[in-house]
Amino acid sequence: AQSVTQLDSQVPVFEEAPVELRCNYSSSVSVYLFWYVQYPNQGLQLLLKYLSGSTLVKGINGFEAEFNKSQTSFHLRKPSVHISDTAEYFCAVGVVGGSYIPTFGRGTSLIVHP
Amino acid sequence: DVKVTQSSRYLVKRTGEKVFLECVQDMDHENMFWYRQDPGLGLRLIYFSYDVKMKEKGDIPEGYSVSREKKERFSLILESASTNQTSMYLCASSLAGGPGDEQFFGPGTRLTVL
């Protein structure tokens, strides 16, 4: 079975600084990878996803993530964050040829300070 | 614009009451899901449904049941609410395509059981 680990439960950062949110997965087969964002008092929405092809994936709001198969990682990055990026971020993995139910990480709370 | 709606944003109930949480999607999706979200625990799958009248248990089904009489509607039922069911409940839907499909989430229902 696959699993997802988000190493940081909380990441504080100052506005306009770069940020990286870490995600590692465990799976014996090929995977699909997702990052979702949850703004305060809202549901989750998709930021970006990796299905195949280029390992660098660009998403909405200036975020990008890089799939690293050897490191089994899919870290999310943004070069300059805004106050409005304050939210909970979830990494999720789906197994190629497997169930349509993704496995979610426990989330990372990004807190952007002015 | 695709949409998943949930009947209530906030709900307060008493211990022992029967509680209905309703979810409706307008995307003609086959799959629908109920999650609960608790701080530090991320999203935990309660039940899911891959077709009308079909349902499967997720990771934490105890104390819950579901109903899917129409494709667009998926209801979560707490037969006898307890204080440990105080949580945020998220509904989601996805196409029947497979593990690479994204999930679309509703805004959530924050349930408090007193």
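Summary table below
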| item | result |
| --- | --- |
| Chain B: translational diffusion in µm²/s, Stokes-Einstein, Kirkwood Rh over Cα pairs, 4 °C, 1.567 mPa s | 92 |
| Sparsely packed trypsin sites (Lys or Arg not before Pro) within the range A:69-114, loop by DSSP, other Cβ within 10 Å at most 10 | A:Lys69 |
| Low-density loop cleavage sites - GluC sites (Glu not before Pro) in the range A:1-46, where at most 12 other Cβ are within 10 Å (DSSP) | A:Glu16 |
| Protein accessible area in chain A, 1.4 Å probe - carbon and sulfur % | 50 |
| Karplus 3J(HN,Hα) series, Hz, for the range B:36-44 with 6.51 cos²θ - 1.76 cosθ + 1.60 (x for Gly, Pro) | 10, 10, 10, x, x, 10, x, 9, 10 |
| Per residue accessible area in Å² of the range A:1-112, where ligands, DNA and RNA are left out and the probe is 1.4 Å | 47 |
| Residue with peak Gaussian network fluctuation, chain B [Cα springs, cutoff 10 Å], from B:Ser65, B:Ser93, B:Ser49 | B:Ser65 |
| Contact order relative to length of chain B, as percent, for alpha carbon pairs under 8 angstrom and 6 or more apart | 36 |
| Cross-link pairs A:Lys69/B:Lys3; B:Lys3/B:Lys71; A:Lys49/A:Lys69 - those with Cα-Cα distance over 23 Å | A:Lys69/B:Lys3 |
| Buried solvent-accessible surface, both chains (B, A), 1.4 Å probe, Å² to nearest 100 | 1800 |
| Trypsin sites (Lys or Arg not before Pro) restricted to the range B:13-48 and DSSP loop, no more than 15 other C-beta within 10 Å | B:Arg14, B:Lys18 |
| Euclidean distance of C-alpha centroids, the range A:44-109 and the range B:81-114, integer Å | 20 |
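The values are calculated or read from the model by the stated rules, or taken from the named source; none is laboratory data. None of the values given here were measured: they were computed from a predicted structure. Because the Cβ atoms are built from the backbone with ideal geometry, glycine has one as well, and the counts that use them run over all protein chains shown. Side chains are part of the model used for accessible areas, which takes the heavy atoms of the whole protein and leaves out ligands, DNA and RNA. Shrake-Rupley method; radii C 1.70, N 1.55, O 1.52, S 1.80 Å.
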